[in-house]
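K.L.:
Can you read through this structure? Questions will come right after.
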Amino acid sequence: MITSVFSKSKPINFILCAVIILVYFVMCLFSSDKEFGLDMLTLEVPIVFLLLFSLFMVDFIVKKNDFMQQNDFTLLFVTIFLGLFPDIFAHLNIVCIYVLVLLAFRRIISLRTLNSTKQKLFDASLYIALAVLFDSWMILYLFIIYMSILVYVSNDYRNWLVPIVSFLGILFIYTTSLYLTSENILTDSLFQFDIKINYSTTGYRRILLHVLITSLFSINFIIFFLKYKTYSSQKKVSFLLIKALFFIGVGYVLFAKKGIQNTEIVLLFPLAILMANLLGNIENKRIGDILLFSLLIVGFLVNFFLK
């Protein structure tokens, strides 16, 4: 039933996904130990709007770049996966990072048109540079920008310099602001890199989340290579960047600063693309419905029992 609804791209599908996110939000409000009040809403309501905007960005990226064959499975999977983060509405930093990654990837994947390449590279680098202000380990995402240059626009040497210019511009503005406020630049958190894996085995919810993400990605990874020869060259490149986005996200999850929680959210978009591709290749709709229902139930159970 669900596969039938989302197998065709329709505006109502976006509304349904938005409603699911609002349901997650309501569940968060009534299950939270925090006192309900204006202070809480001023933090969490903007996060709701950012998550809804991220849905729009996911929909735009998928439709504009022909990742899927006129379906809304990616949109649905991103929405379902957000249910695995019941306390996401309390963490503005990581939601901002997630949105900035989507904005950057939107510009990166559009390089395939070979139009306004320097502007797109500058914009993508700018978004990543802004994300670095939230967590310095977001600099890892600079790798996918240079990877996109390599596969799309490597013939012009000036393209390789654009991300550096964008990063230096943001860095100059930031250090200038620190200087004007008499802050110590050398001790600022932006310039502190704790080069060790920040992974704890005491958080069972996080371990279960990682097992689920790893299992889903592994299945998709195998199926992708089994069908690799059937894909067009353009689709091969697009999925190469998607996988790179996923693995860079894994690196960020491992090294992210301890103060940033729910970092796994940066993995949702590439994983949703791969899951949507998998679902599109399943001819038996009942199997697809079982998969979707199972993940949706897991998302709601996490909100109820594993906060």
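K.L.:
May I ask which residue of L84, S125, S136 lies farthest towards the positive end of the charge dipole of the stretch 66-149, with charges of +1 (Lys, Arg) and -1 (Asp, Glu) on Cβ and the Cα centre as origin?
P.N.:
Final value for the positive-end residue is S125.
K.L.:
Quick one: if the Förster radius is 25 Å, what FRET efficiency do S215 and D289 give, using the C-beta to C-beta distance and rounding to 0.05?
P.N.:
It comes out at approximately 0.80.
K.L.:
For the stretch 236-251, in order, what is each residue's ³J(HN,Hα) by Karplus, 6.51 cos²θ - 1.76 cosθ + 1.60 with θ = phi - 60°, in whole Hz (x at glycine and Pro)?
P.N.:
Calculated HN-Hα couplings, in order: 4, 5, 4, 6, 5, 5, 5, 5, 4, 4, 5, 5, 5, x, 4, x Hz.
K.L.:
Arranged from highest to lowest average of other beta-carbon atoms within 10 Å per residue, in what order do the peptides 264-271, 140-147 appear? Could the numbers behind the result be given before it?
P.N.:
On the way: 264-271: 24.0, 140-147: 20.1.
Highest-to-lowest ranking by the protection proxy: 264-271, 140-147.
K.L.:
For the stretch 253-307 and the stretch 207-242, what is the separation of their Cα centres, given in Å?
P.N.:
The stretch 253-307 and the stretch 207-242 have Cα centres spaced 14 Å from each other.
K.L.:
Size of the chain along its principal axes in angstrom, Cα-based, largest extent first?
P.N.:
Extents along the principal axes, in whole Å: 60, 55, 36.
K.L.:
Would you calculate the separation in nanometres between label points at I173 and F225, each defined as 7 Å from the Cα along the Cα-to-beta-carbon direction?
P.N.:
If labels sit at I173 and F225, their model points lie 4.3 nm apart.
K.L.:
While we're looking at this one, here's another question. Through the Karplus equation 6.51 cos²θ - 1.76 cosθ + 1.60, θ set to phi - 60°, convert the phi angles of the stretch 2-8 into ³J(HN,Hα) values in whole Hz; use x for Gly and Pro.
P.N.:
Those phi angles translate into 5, 4, 5, 5, 8, 6, 10 Hz.
K.L.:
Normalised by the number of residues in the chain, what is the relative contact order in percent for Cα pairs under 8 Å and 6+ residues apart?
P.N.:
27 percent
K.L.:
Among 99-110, 84-95, 148-159, how do they line up by average Cβ neighbours within 10 Å per residue, starting with the highest?
P.N.:
The densest-packed peptide leads the list: 99-110, 84-95, 148-159.
K.L.:
Still on this structure, I have one more. Measure up K10/K227; K10/K229; K64/K243; K118/K227; K64/K236; K63/K257 against 22 Å on the Cα-Cα distance and list the ones that go over.
P.N.:
K10/K227; K10/K229; K118/K227; K63/K257
K.L.:
Could you go through the stretch 211-223 in sequence order and give the Karplus-derived ³J(HN,Hα) for each residue, using 6.51 cos²θ - 1.76 cosθ + 1.60 with θ = phi - 60°, rounded to whole Hz, and x for Gly and Pro?
P.N.:
5, 5, 4, 4, 5, 5, 5, 4, 4, 5, 4, 5, 5
K.L.:
Quick check on the stretch 92-193: what are the equivalent-ellipsoid semi-axes from the Cα gyration tensor, as sqrt(5λ), descending, whole Å?
P.N.:
Values: eigenvalues 140, 44, 22 Å².
Ellipsoid half-lengths, sorted descending, are 26, 15, 11 Å.
Bear in mind that the values in this text are calculations on the coordinates, not laboratory data. Everything numeric here is computed off the predicted structure, so don't read it as measured data. Methodologically, a virtual Cβ is constructed for each residue, glycine included, from the backbone with ideal geometry; neighbour enumeration extends over all protein chains shown.
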